[in-house]
1. Among the residues of segment 225-245, is there at least one that is closer than 19 Å to Val143 by Cβ, buried (at least 17 other Cβ atoms within 10 Å of the Cβ) and assigned by TED's automatic domain parsing to the domain that holds Val166?
2. Checking Leu235 against (1) within 15 Å of Pro254 (Cβ to Cβ); (2) modelled with pLDDT of 95 or more, which single condition isn't satisfied?
3. Assess whether Val267 counts as being within 16 Å of the ligand (Cβ to nearest atom) and at negative phi.
4. Wholly within segment 1-120, which helices (runs of 4 or more DSSP H) include no fewer than the required count, namely at least 1 residues that are surrounded by 10 or more Cβ atoms within 10 Å (Cβ to Cβ), without any contact (Cβ under 8 Å) to a residue 40 or more places away in the chain and charged (D, E, K, R)?
5. Yes or no: Thr172 under 22 Å from Gly270 (Cβ atoms), of a type in the set (S, T, N, Q), assigned to a loop (DSSP other than H, G, I, E, B) and within 11 Å of the ligand (Cβ to nearest atom)?
6. Can His212 be described as within 16 Å of the ligand (Cβ to nearest atom), crowded, with 18+ Cβ neighbours inside 10 Å and modelled with pLDDT under 95?
7. Would you check which residues across segment 215-244 are over 23 Å from Gly135 (Cβ atoms), touching a Leu at 6+ places or on another chain (Cβ under 8 Å) and within 12 Å of the ligand (Cβ to nearest atom) and list them?
Amino acid sequence: MNRRDARTERRIAAAFGLGALGAAAFAAAYVIGDQTQLLGGALLLAFAGLATGLAIWALRLLPQGPYVEEREPMISPEPERRALAAEFERDQAALTRAFLPRQMLTLAVGALGVAVLFPVRSLLFRGPDPWRALGRTPWREGVRVVKGDGAPVRPGDVAPGGMLTVFPEGHTESSDAAAVLIRVDPARLALPSGRAGWTVGGLVAYSKLCTHAGCPVGLYVKSTQQLMCPCHQSLFDVPRGAVPVAGPAARPLPQLPLGVGPDGVLVARGGFTAPVGPGYWRKA
Ligand code: FES
């Protein structure tokens, strides 16, 4: 051992000695009493001594890299290489022989390419505008108001505070044409301007489709004169043009102008004031 190594060994021993001292101090501090700082300091000394000794040992006494591990050349034996080449040639021959599959593959890929063009066409040419489509219901001026069974509705069919689901005559299956007919106290009506003549003795009619997500608004709370949508509890103020007063709906229910025909049957005096159903069609 040369002098340098001997000196290194002494340093390592000193570091480990410090570590041992720290450990002993920790034990002593523990026995003496609850000196948390002393315990921590002793532990620090113990671990620092150990770490320093190990670091010096690793850096000064152990052999340093880099190390290169030699290995045998990795070449396959000649018979294996010949077998692989033969198999490859066999596969290639099989591929060039497969005339029908190749033709069919070309056909399938070509057909797929053409099929992809169809959805692209939908992107280029717009379909029917939902805003316009929903804006057109069978309600027109003079169309008679009927019940679900097709029977015509007369003003006296709805009692004060009552509600009836009605349809345009001949369209009782039309879901977007359904309307609710409600009789409110005429003195409490406060419809938007221009709609004063749209009621018949306190009868008002609104689209039955909720303007939030299209659920049927079928619950009428007589005490507050509000229509409630059962899906997300939107409330519409009936005397004030069915404006939403609570819940997620943001648009009033479209109103249907009413009148009375020559035979005493309720009739529409036009279509709904706005497209029926969810308000998001506004953005279409
Ligand atoms: S659908 Fe009517 S409140 Fe949501």
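1. Here is the first cut: in segment 225-245, the ones closer than 19 Å to Val143 by Cβ are none.
No, there is no match, as no residue in segment 225-245 is closer than 19 Å to Val143 by Cβ, buried (at least 17 other Cβ atoms within 10 Å of the Cβ) and assigned by TED's automatic domain parsing to the domain that holds Val166.
2. With respect to (1) within 15 Å of Pro254 (Cβ to Cβ); (2) modelled with pLDDT of 95 or more, Leu235 is out only on (1).
3. On the way: within 16 Å of the ligand (Cβ to nearest atom): no; at negative phi: yes.
So Val267 fails the test.
4. On the way: elements: 3-32, 36-56, 78-97.
Passing ranges, in order: 3-32, 78-97.
5. Working: under 22 Å from Gly270 (Cβ atoms): yes; of a type in the set (S, T, N, Q): yes; assigned to a loop (DSSP other than H, G, I, E, B): yes; within 11 Å of the ligand (Cβ to nearest atom): no.
When the stated conditions are applied, Thr172 does not pass them.
6. Details: within 16 Å of the ligand (Cβ to nearest atom): yes; crowded, with 18+ Cβ neighbours inside 10 Å: yes; modelled with pLDDT under 95: yes.
Considered against the rule, which asks whether it is within 16 Å of the ligand (Cβ to nearest atom), crowded, with 18+ Cβ neighbours inside 10 Å and modelled with pLDDT under 95, His212 comes out as yes.
7. Hits for segment 215-244 are Leu219, Met228, Pro230, Leu235.
The values are calculated or read from the model by the stated rules, or taken from the named source; none is laboratory data. Here the structure is a predicted model, which is why all the values come from computation and not from measurement. Note that each Cβ is placed from the backbone with ideal geometry, even for glycine, and that neighbours are counted across all protein chains shown.
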